[in-house]
Amino acid sequence: MAFGGQCGECTECGKCERLLNGQTNDDSIKKEEKKMEQDNSVRLYTFIIYSENVPGLLSQITAVYTRRQVNIESLNVCASSTPGAHKYTITAYCTRTMAEMLTKQIEKKIDVLQANVFTDDDIFINETCLLKISTPIMLENKDVCRMVRLHQAHIVEVNSIYATIEKTGITSDILSLYDSLKTLGCVLQFVRSGRICITKDYTEHLDEYLADREKKRNAK
Amino acid sequence: MEKITGAEAMMRALENEGVDILFGYPGGSIMPTYDALYDHKKTLNHILVRHEQGAVHAAQGYARVSGKVGCAIVTSGPGATNTITGIADAMIDSTPLVVIAGQVGVAMLGTDAFQEVDVVGVTSPISKWSYQIRRAEDIAWAVARAFYIAKSGRPGPVVLDFAKNAQTGMVEYEPAKADFIRSYDPDPDLNEEEIREAAKMINESVKPFVLVGQGVELGNAREELKAFLEKADMPCGTTFLGLSAIESDHRLNKGILGMHGNLGPNVMTNKCDLLIAVGMRFDDRVTGNLATYAKQAKIIHFDIDRSEFNKNVKVNLSVHGDCKKSLAAVTKLLDKATHTSWIDGFKPYEEKEYQKVIDKALHPTEGPLLMGEVIRKVSEATNNAGIMVTDVGQNQLFACRYFKFTKARSVVTSGGLGTMGFGIPAAIGATFGAPDRTVCLFVGDGGLQMTIQEFGTIMEQGAPVKMILLNNNYLGNVRQWQEMFFSHRYSFTPMLNPNYELIAKGYGIPAKTVVERSELDAAIKEMLATPGPYLLQCAIMEEDNVMPMVPPGANIDEMILEYKSK
Ligand SMILES: Cc1ncc(C[n+]2csc(CCOP(=O)(O)OP(=O)(O)O)c2C)c(N)n1
Ligand SMILES: [Mg+2]
């Protein structure tokens, strides 16, 4: 920095004193570096968000991702098992630090009840896909049906032109089915649902939160 | 039960919230409400501004000095879009506002009707809550909720998009009350463990340093802050918005943080062993280069907004909650301490800054007037008890540096957004929010012209704004950066100025221009002695720079004290 050292006694403001004080002890540096690495590595996170069922919230929630330049991979919105509460399941690639920031900024929206972030280890994941494949190719090539069976997918409709196949599972299984059918050259259409999931936790965070809030309401 | 129009219900709902003043501007889609307002003139003082941006900034000025919710009312379409700057400004500076905008009737929504704008869509990202009132039946509920959200927790602006059919529809009005929203907890319970840990860290610290932000004022926690600082004998620095959270001359107040702050607090930020942030958000103008910011220190962050924790600066401990309560709780657990030698450590920096910068800014003996000397003289003429309103630019930075504070809620400046044109309307609002205090506005020749139309409001209301125009014939702050970082290339910053004195006089505002230093004291005296508004134009040195400065991106302790033009 061209302007360095014009303020204090030393030429590299602050730095020398930091070293003298011995605050940069090796072990703690390594520990911190490891944590930083975890915090800064990009991976797929799943955000589970509960909100009141009010119009306009979805765009406010997605805007939080856009503003922080995080791309949404999948998004699923539906009424939840808690009456009046909507559930959003959103996946996105980002760092842990970013994921935590995003949840806090989403939770700050007035009508959002709760926002939490999970890695794949913390949740049981499901996703559905539908494939439209060519009936003539399916009849001609026995491998097509074999692949469908191998992937435990079912055929839900067949006519002379196409067959519709449905598969439910984790993302990698679905992609594997798609890849193998694509190699066989029979895929006409492929759609995925985006993921839904439930947590592996023993506690239900939303219920706890709502009970807690109810207590506060009654205390008023 | 008697049925009334939605517009009348809106009036009653506002009165029910204790509103007694509205800043606004009428138009087609809000006419039914203005018609109802005609019958409520005694209780709802409506201030007609000259541009809707002025209405919102005036409401901000009112809110900032009074601690109440500021209220603005405008029409749909262009009326609503003219409020955007003020709403964004209030959002980033946590100012409680309710902005009511007319809207076309619901049958026309989405048809690109005359003066239809998707106000909720446009304002959602820049407001705390934005809601469309579509039926007269929703008015009582929506207004109660709007005021509750605006003023509770971390305050902010709320927008009510008021459809015309809801204004004309008939309704049995019953006042509503909002003090609970299950998805929103504005007063989180303190966490005992956080409180104990904070006290422990402070008790163990030998070089603690406290960063004071506007949260202390918003939380009405000035006394709690003082007790906290004094018990553990901890020095502090303040942000611009936190300037009046503690008296300027308090023994433990070491000055201003950040880019144009004081040398001591900035250097000591990188020397302390414990940094304690209270109600501030580590803005980049405060931290400078984050990679080197307070790396040697442990950091505690007190805030009511959880999303501020670890946003810009990673902290060792966050203390979530209302700082009025958390500071008091921690103070109870603090050991009485003295940190004399640590506090004395600020002195050399204070002396150095005084000698190299402050003395020259306040006591020049020759050359044109300087902003610093004018500001300090005005401040002293109010016994440092005035309200400082600023516009944006060098006038703002100098005002924050040289105005002094003894009273709470004395700072009205656009911090986070840096909105030129904020000053005049905000100062008007401040005169209504604190009618017993002297409101001093410092404004540049650029910013004055951004909302100069509000001279009309000042004239009509006789609003006693003491306007000090610091005229340097430049967009000074940008010119300073061009001089320092863009090789002195003054790209569109010199300005040809009109005769401001004449303009003010055209509006019936007494005005005077001071060029000579020898005339300054008398002119300030005359300004303050003249009842009502006044414009004091000071001919300021054209190419002066605000110093010291942490250059953009530099480390916070690398302040330039002197800059010699090449
Ligand atoms: C609405 C708006 N437009 C542009 C800017 C950029 N800007 C910041 S300071 C400044 C110059 C202000 O000039 P003046 O009002 O004369 O004040 P001075 O710095 O000279 O005291 C400008 C253009 C801004 N902050 N706000
Ligand atoms: Mg200027």
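In region B:296-309, how many residues are open to solvent by less than 50 Å² (accessible area, probe 1.4 Å) and under 24 Å from the mean Cα position of the chain (by Cα)?
8
Yes or no, residue by residue, for (1) within 29 Å of B:Pro188 (Cα to Cα); (2) outside any strand (DSSP E or B); (3) open to solvent by less than 90 Å² (accessible area, probe 1.4 Å); (4) modelled with pLDDT of 95 or more:
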position	(1), (2), (3), (4)
A:Ala163	no, no, yes, yes
A:Ser172	no, yes, yes, no
A:Tyr178	no, yes, yes, yes
A:Leu181	no, yes, yes, yes
A:Leu188	no, no, no, yes
A:Val191	no, no, yes, yes
A:Gly194	no, yes, yes, no
A:Tyr209	yes, yes, yes, no
A:Asn218	yes, yes, no, no
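Checking the structure you have, find out if any residue of region B:249-259 is in a helix (DSSP H, G or I) and either assigned by TED's automatic domain parsing to the domain that holds B:Ala399 or open to solvent by 10 Å² or more (accessible area, probe 1.4 Å) (or both).
No, region B:249-259 contains no residue that is in a helix (DSSP H, G or I) and either assigned by TED's automatic domain parsing to the domain that holds B:Ala399 or open to solvent by 10 Å² or more (accessible area, probe 1.4 Å) (or both).
Filter region B:432-458 for residues that are within 16 Å of ligand 1 (Cβ to nearest atom), touching a residue at least 24 places away in the same chain (Cβ under 8 Å) and open to solvent by 20 Å² or more (accessible area, probe 1.4 Å) and give the result.
Hits for region B:432-458 are B:Met450, B:Ile452, B:Gln453.
Only one of these conditions is not met by B:Leu109: (1) within 19 Å of B:Val56 (Cβ to Cβ); (2) within 14 Å of chain A (Cβ to nearest Cβ). Which number is it?
Tallying (1) within 19 Å of B:Val56 (Cβ to Cβ); (2) within 14 Å of chain A (Cβ to nearest Cβ), B:Leu109 fails exactly one: (1).
This table checks each residue for (1) more than 14 Å from chain A (Cβ to nearest Cβ); (2) surrounded by 18 or more Cβ atoms within 10 Å (Cβ to Cβ).
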{"position": "B:Ser491", "(1), (2)": "yes, no"}
{"position": "B:Ile509", "(1), (2)": "yes, yes"}
{"position": "B:Glu516", "(1), (2)": "yes, no"}
{"position": "B:Glu519", "(1), (2)": "yes, no"}
{"position": "B:Thr530", "(1), (2)": "yes, no"}
{"position": "B:Asp544", "(1), (2)": "yes, yes"}
{"position": "B:Val550", "(1), (2)": "no, yes"}
{"position": "B:Gly553", "(1), (2)": "no, no"}
{"position": "B:Ile556", "(1), (2)": "no, yes"}
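Is one or more of the residues making up region A:76-90 in contact with a helix residue (DSSP H, G or I) (Cβ under 7 Å, 6 or more places away or on another chain), open to solvent by 50 Å² or more (accessible area, probe 1.4 Å), outside any strand (DSSP E or B) and without any contact (Cβ under 8 Å) to a residue 40 or more places away in the chain?
no
Here are some residues: B:Gly386, B:Gly429, B:Gly415. Which one is more than 16 Å from ligand 2 (Cβ to nearest atom), open to solvent by 10 Å² or more (accessible area, probe 1.4 Å) and at pLDDT 95 or above?
B:Gly415
Quick check on my filter: what residues within region B:434-466 are touching a strand residue (DSSP E or B) at 6+ places or on another chain (Cβ under 8 Å) and away from ligand 2 (no atom under 16 Å from the Cβ)?
Those that are touching a strand residue (DSSP E or B) at 6+ places or on another chain (Cβ under 8 Å) and away from ligand 2 (no atom under 16 Å from the Cβ): B:Ala434, B:Arg437, B:Thr438, B:Val439, B:Cys440, B:Thr457, B:Ile458, B:Glu460, B:Gln461, B:Pro464, B:Val465, B:Lys466.
Looking at region B:414-423, is at least one residue away from chain A (no Cβ under 14 Å), more than 29 Å from B:Gly18 (Cα to Cα), away from ligand 1 (no atom under 13 Å from the Cβ) and touching a helix residue (DSSP H, G or I) at 6+ places or on another chain (Cβ under 9 Å)?
no
For the structure I just gave you, tell me whether B:Glu526 is touching a Lys or Arg at 6+ places or on another chain (Cβ under 8 Å), closer than 20 Å to B:Gly393 by Cα and open to solvent by 30 Å² or more (accessible area, probe 1.4 Å).
So B:Glu526 fails the test.
Mind checking which strands (runs of 3 or more DSSP E) fall wholly inside region B:123-219 and carry at least 1 residues that are open to solvent by 10 Å² or more (accessible area, probe 1.4 Å)?
Correct list: B:129-133.
Restricting the search to region B:124-142, which residues are more than 11 Å from chain A (Cβ to nearest Cβ) and out of contact with any Leu (no Cβ under 8 Å at 6 or more places or on another chain)?
Restricting attention to region B:124-142, the residues satisfying the condition of being more than 11 Å from chain A (Cβ to nearest Cβ) are B:133, B:135-142.
Across region B:124-142, the qualifying residues are B:Arg135, B:Ala136, B:Glu137, B:Asp138, B:Ile139, B:Ala140, B:Trp141.
Hey, could you check region B:267-295 for residues that are in contact with an Asp or Glu (Cβ under 7 Å, 6 or more places away or on another chain) and over 13 Å from B:Val212 (Cα atoms) and say which is nearest to the other protein chains (Cβ to nearest Cβ)?
The selected residue is B:Asn270.
Among the residues of region B:494-502, are any surrounded by fewer than 15 Cβ atoms within 10 Å (Cβ to Cβ), within 15 Å of ligand 2 (Cβ to nearest atom) and hydroxyl-bearing (Ser, Thr, Tyr)?
no
This table checks each residue for (1) assigned by TED's automatic domain parsing to the domain that holds B:Val378; (2) without any contact (Cβ under 8 Å) to a residue 12 or more places away in the chain.
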| site | (1), (2) |
| --- | --- |
| B:Ser491 | yes, yes |
| B:Met495 | yes, no |
| B:Pro498 | yes, yes |
| B:Leu502 | yes, yes |
| B:Leu535 | yes, no |
| B:Met559 | no, no |
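What number of residues within region B:362-383 are of a type outside the set (S, T, N, Q), buried (at least 21 other Cβ atoms within 10 Å of the Cβ) and in contact (Cβ under 8 Å) with a residue 60 or more places away in the chain?
Qualifying residue count, region B:362-383: 6.
Can you tell me which residue is farthest from B:Ile387 (Cα to Cα) among those in region B:43-98 that are in a strand (DSSP E or B) and more than 20 Å from the chain's Cα centre (by Cα)?
Checking each candidate, the answer is B:Val74.
Provide a single number: the residues in region B:475-491 that are more than 9 Å from ligand 1 (Cβ to nearest atom) and assigned to a loop (DSSP other than H, G, I, E, B).
Residues flagged as more than 9 Å from ligand 1 (Cβ to nearest atom) and assigned to a loop (DSSP other than H, G, I, E, B) within region B:475-491 amount to 6.
Yes or no: B:Asn472 open to solvent by less than 10 Å² (accessible area, probe 1.4 Å), within 16 Å of ligand 1 (Cβ to nearest atom) and away from every other protein chain (no Cβ under 14 Å)?
Details: open to solvent by less than 10 Å² (accessible area, probe 1.4 Å): yes; within 16 Å of ligand 1 (Cβ to nearest atom): yes; away from every other protein chain (no Cβ under 14 Å): yes.
In short, yes.
Is there any pair linking a residue in region A:112-141 that is within 14 Å of another protein chain (Cβ to nearest Cβ) to one that is surrounded by fewer than 18 Cβ atoms within 10 Å (Cβ to Cβ) and among the charged types (D, E, K, R), with Cβ under 7 Å and at least six apart or on different chains, and which?
A:Leu113/A:Glu52
Just a yes or no: is a residue in region B:350-360 open to solvent by 20 Å² or more (accessible area, probe 1.4 Å), within 25 Å of A:Glu100 (Cβ to Cβ) and charged (D, E, K, R)?
no
The values are calculated or read from the model by the stated rules, or taken from the named source; none is laboratory data. Since we're looking at a predicted model, the values are computed, not measured. Don't worry about glycine lacking a Cβ; one is built from the backbone with ideal geometry, like all the others, and counts go over all protein chains shown. These area figures cover heavy atoms from the full protein model, side chains too; ligands, DNA and RNA do not enter into them. Shrake-Rupley method; radii C 1.70, N 1.55, O 1.52, S 1.80 Å.
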